[in-house]
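Reading through the structure tokens given below for one structure.
The values are calculated or read from the model by the stated rules, or taken from the named source; none is laboratory data. Quick caveat, the model's predicted, so the values are computed rather than measured. A quick note on method: Cβ atoms are made from the backbone with ideal geometry, for glycine too, and the neighbour counts reach across all protein chains shown.
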């Protein structure tokens, strides 16, 4: 059979069978097609919904994991900074106390500036160690901080130690101003010859401010507790994590604005003393030029030394207040626990760094530091020699 003939049969067969098959297929499609298509669409939609939900759940889980990781990384960083400041603050202030008391025992007397420095170092040691005790208690026994009484004790302790740390440094600025500055004003001369009484009066006034600060803080605590109607303690009763304990012991919404308001008072006093000391130095330099004397006389050197100490204190204090303002402005933007850790670390940075500034600015403390460093260097050399 030829190819043309086979092709004709196939074409004729297709023309006879094709329309019947197509008609039956069309009929079956009309009977079963819509149900199958709808079922396929539902299965595809369910699969799409499942994939979408799985994708969203995965994104949320990854976001929560990354958020928790970042949170605990920040918390760990602040904790390391906090313990570093505690160690350095203990060493610096303990060194000041040790040197001044040793010199007092040897000489049988102690100068006014050494008295202020020793009292200042003692207050900052108590501040650092109270912070250490509070931190360790929060880690080892967090449920201890889940009551109102412990909250009040912790906050009042912090206020008292921080108050004396700042106001004794302010007394040091006032002491340098009255001892070094030179004015012909009768009121200034009256105060200059009564330095101890002025400092005692300054401390008495600071005690009044301290009592007012404690009263306002306690009132804010009770208002804060009443506003939450006690639910905050019930909601946090079963949480034993260290950041949550800190959240209870120091609510940034209550304590940051109140404490910062009272800390601006000694800062203003120190700033006024510093500006008057600058004015006294300018007046002294003009007097030296008129008398054709050397500008590097004893009076000028005393002014410069006092200005360096006062300027360092004001800079550190201003940075500390700036940190407090940043913490207040961040309320509601970041989590309270981050603000609290930031507040704690910045609060300890001020007394820690200022103690080393005082050591470098005091000739006796500086010589003692050099002696200790020289002794440590000799010990290190001897150890290396024996090891070799």
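Got a sec? Which of 50, 78, 54 is in contact with a helix residue (DSSP H, G or I) (Cβ under 6 Å, 6 or more places away or on another chain), part of a helix (DSSP H, G or I) and modelled with pLDDT under 80? Every option except 78 fails the conditions. Checked against (1) modelled with pLDDT of 90 or more; (2) within 25 Å of residue 209 (Cβ to Cβ), residue 153 meets all criteria but (1).
Within the option set 154, 102, 118, 90, being under 22 Å from the mean Cα position of the chain (by Cα), closer than 30 Å to residue 363 by Cβ and in a helix (DSSP H, G or I) holds for one residue only, 90.
Remark: pairs (first residue in the stretch 182-211, on the phi < 0 side of the Ramachandran plot and in a loop (DSSP other than H, G, I, E, B); second residue surrounded by 13 or more Cβ atoms within 10 Å (Cβ to Cβ) and modelled with pLDDT under 95; Cβ separation under 6 Å; 6+ apart in sequence or on different chains) = 182/280. Residues in the stretch 77-101 that are under 19 Å from residue 124 (Cα atoms) and surrounded by fewer than 17 Cβ atoms within 10 Å (Cβ to Cβ): 83, 84, 87, 91, 94, 98, 101. Would you confirm, using the coordinates I've provided, whether residue 258 is under 24 Å from residue 348 (Cβ atoms), modelled with pLDDT of 70 or more and either out of contact with any strand residue (DSSP E or B) (no Cβ under 7 Å at 6 or more places or on another chain) or surrounded by 13 or more Cβ atoms within 10 Å (Cβ to Cβ) (or both)? It is true that residue 258 is under 24 Å from residue 348 (Cβ atoms), modelled with pLDDT of 70 or more and either out of contact with any strand residue (DSSP E or B) (no Cβ under 7 Å at 6 or more places or on another chain) or surrounded by 13 or more Cβ atoms within 10 Å (Cβ to Cβ) (or both). Could you tell me whether the stretch 228-244 includes any residue that is modelled with pLDDT of 55 or more and either loosely packed, with under 12 Cβ neighbours inside 10 Å or within 21 Å of residue 161 (Cβ to Cβ) (or both)? There is no residue in the stretch 228-244 that is modelled with pLDDT of 55 or more and either loosely packed, with under 12 Cβ neighbours inside 10 Å or within 21 Å of residue 161 (Cβ to Cβ) (or both). The residues on offer are 129, 158, 104, and the sole one that is within 17 Å of residue 346 (Cα to Cα) and either surrounded by fewer than 20 Cβ atoms within 10 Å (Cβ to Cβ) or touching a strand residue (DSSP E or B) at 6+ places or on another chain (Cβ under 7 Å) (or both) is 129.
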